[in-house]
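> Below you will find the structure I want to go over with you.
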Amino acid sequence: MPDPVARIRKRLQQHGADAALLTDMAHIRWASGFTGSNGVVLVSDSLKVLVTDSRYTSQAQKECPDFDRFIAPASLYECLRNFGLEDTVVAFDSERLTVASLKDITRLVPDAEFLPVPGLLNQDIAKKQQWELNRIAEAQSLTDDVFQKLIGLVKPGTTEKRIAAEIAYLHLKNGASGMSFDPIVASGPNGALPHARPGDRELKKGDPVVIDMGCVLDGYCSDMTRTITIGLARDDFRAAYATVLAAKNAAVASARSGMNARDLDAVARNIIESAGLGEYFVHSLGHGVGLRVHEWPRVSSTSEDRLVEDSVVTVEPGVYLPDNWGVRIEDLVILHPDGCDNLTSSPDSLLELTG
Ligand code: ZN
Ligand code: ZN
């Protein structure tokens with residue numbers, strides 16, 4: 001599988017550009033291996049350059065031995081003058097550069113033509129190499145382990161915040177470098193808000209609890225949601241859970257690369273609509289996962305994206321009954337032409353915590 005620089009060079013041909021300017025730190029890490037917080041990467045047929053600042057001299061040397069490295073004395077962009085960009089076309093991802101930065105760049109390098117391409121490298125970044133897939137699998141495996149440990153801590157009287165703190169602590173204690181997003185622990189009626197923030201609400205018997213969590217391990221993210229109940233579930237919740245689970249399983253069973261993302265969304269949405277709950281499935285089915293927990297593609301009913309081989313996406317249908325409860329079940333899968341591998345091993349049948 002061609003390395004990132006080879007992929008970028010191929011992409012340049014497609015856009016008739018001479019060079020690519022990468023300004024997003026996740027894209028820069030993907031292309032060069034650099035994990036610092038400040039830098040730009042320039043790739044052309046003859047160049048592969050990382051520009052960063054003096055805090056990162058030795059780190060850049062260690063992480064990017066194959067790149068030419070430049071330490072910018074002041075502005076990173078000013079340094080771009082050194083690379084013979086006069087009369088060339090330089091493509092950049094217009095979704096990843098601010099208007100202010102573009103103004104700076106065009107002022108400092110006036111003789112180059114800067115070509116905005118929305119999502120320039122989206123498909124290249126989505127298509128993971130085997131070692132990247134392994135890292136995502138390891139991150140998800142850690143999250144599965146944490147879920148197992150967490151179940152013993154979810155009890156009546158515990159608050160959402162405490163559970164969220166345990167989620168972070170258990171991940172960090174077991175090797176994660178951080179959380180891929182702030183954990184969501186949404187109990188009872190709070191579960192009806194798909195992106196609820198954990199609060200001081202104490203868990204009560206009969207509450208469904210939506211737990212959505214993920215970590216960063218070696219730079220790569222995990223993402224999983226499970227909805228459990230404290231004690232026995234109410235019948236209306238139980239029925240909705242069965243519907244969401246059927247939608248999730250059907251989508252996982254039909255997920256493969258080459259299909260339109262919106263068709264995958266439709267597999268889950270049709271099942272939820274047939275059960276009369278369509279109006280309560282208020283978000284898209286999923287999203288790409290990699291160096292960021294939300295990356296291209298969008299798996300939604302309006303998505304124009306086509307699913308890419310060896311990419312990782314979530315499958316996360318949900319139903320949210322305002323003021324009552326919510327249920328979401330989210331797995332993480334690797335897409336292949338003939339199906340997908342499910343990276344999530346936590347049980348997905350309804351877990352009713354009695355005891
Ligand atoms: Zn999630
Ligand atoms: Zn997600």
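The values are calculated or read from the model by the stated rules, or taken from the named source; none is laboratory data. In this text the structure is predicted, and so the values were computed from the model without any measurement. Here Cβ is always computed from backbone atoms with ideal geometry, including for glycine, and neighbour counts include all displayed protein chains.
> Just for strands (runs of 3 or more DSSP E) wholly inside segment 1-111: which have at least 3 residues that are over 27 Å from the mean Cα position of the chain (by Cα)?
Result: 68-71.
> Applying the selection to segment 164-177, what residues are under 21 Å from the mean Cα position of the chain (by Cα), of a type in the set (A, V, I, L, M) and outside any loop (DSSP other than H, G, I, E, B)?
Result: A164, I167, A168, L170, L172.
> Since P194 meets every condition but one in (1) modelled with pLDDT under 95; (2) on the phi > 0 side of the Ramachandran plot, which condition does it not meet?
Among (1) modelled with pLDDT under 95; (2) on the phi > 0 side of the Ramachandran plot, P194 violates only (2).
Okay, residues lined up against (1) touching a residue at least 60 places away in the same chain (Cβ under 8 Å); (2) away from ligand 1 (no atom under 16 Å from the Cβ); (3) not in a strand (DSSP E or B):
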position	(1), (2), (3)
R298	no, no, no
E304	no, yes, yes
T314	yes, no, no
Y320	yes, no, no
D323	yes, yes, yes
G326	yes, no, no
D331	yes, no, no
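> Now, a different point. For V282, all conditions in the list (1) in contact (Cβ under 8 Å) with a residue 40 or more places away in the chain; (2) away from ligand 1 (no atom under 16 Å from the Cβ); (3) outside any strand (DSSP E or B) hold save one; what is the number of the exception?
(2)
> Write out, first by first residue and then by second, each pair whose Cβ atoms fall under 7 Å of each other, whose residues are 6+ apart or on separate chains, and whose first residue, in segment 128-139, is outside any helix (DSSP H, G or I) while the second is among the β-branched types (V, I, T).
Taking only residues 6 or more apart or on different chains, the pairs are K128/V312.
> So, one more: From (1) within 16 Å of ligand 2 (Cβ to nearest atom); (2) of a type in the set (S, T, N, Q); (3) buried (at least 24 other Cβ atoms within 10 Å of the Cβ), pick out the condition that doesn't hold for S284.
Exception for S284: condition (3).
> Restricting the search to segment 215-233, which residues are within 12 Å of ligand 2 (Cβ to nearest atom) and closer than 14 Å to V315 by Cα? Outline the logic, then answer.
Kept after step one, since they are within 12 Å of ligand 2 (Cβ to nearest atom), are these residues of segment 215-233: 221-225.
Residues satisfying the conditions are S222, D223, M224, T225.
> Also: Does A255 qualify as being within 14 Å of ligand 2 (Cβ to nearest atom), within 23 Å of G290 (Cα to Cα) and either of a type outside the set (F, W, Y) or crowded, with 20+ Cβ neighbours inside 10 Å (or both)?
No, not satisfied.
> Give me the residue from segment 178-230 that is in a strand (DSSP E or B), small (G, A, S) and within 16 Å of ligand 1 (Cβ to nearest atom) and, out of that set, surrounded by the fewest Cβ atoms within 10 Å (Cβ to Cβ).
That would be G178.
> Could you count how many residues in segment 143-163 are within 22 Å of D341 (Cβ to Cβ) and over 16 Å from the mean Cα position of the chain (by Cα)?
5
> Here is a follow-up. Consider L335 carefully, then state whether it is within 16 Å of ligand 2 (Cβ to nearest atom), outside any strand (DSSP E or B), under 17 Å from the mean Cα position of the chain (by Cα) and more than 15 Å from M224 (Cβ to Cβ).
So L335 does not fit the description; no.
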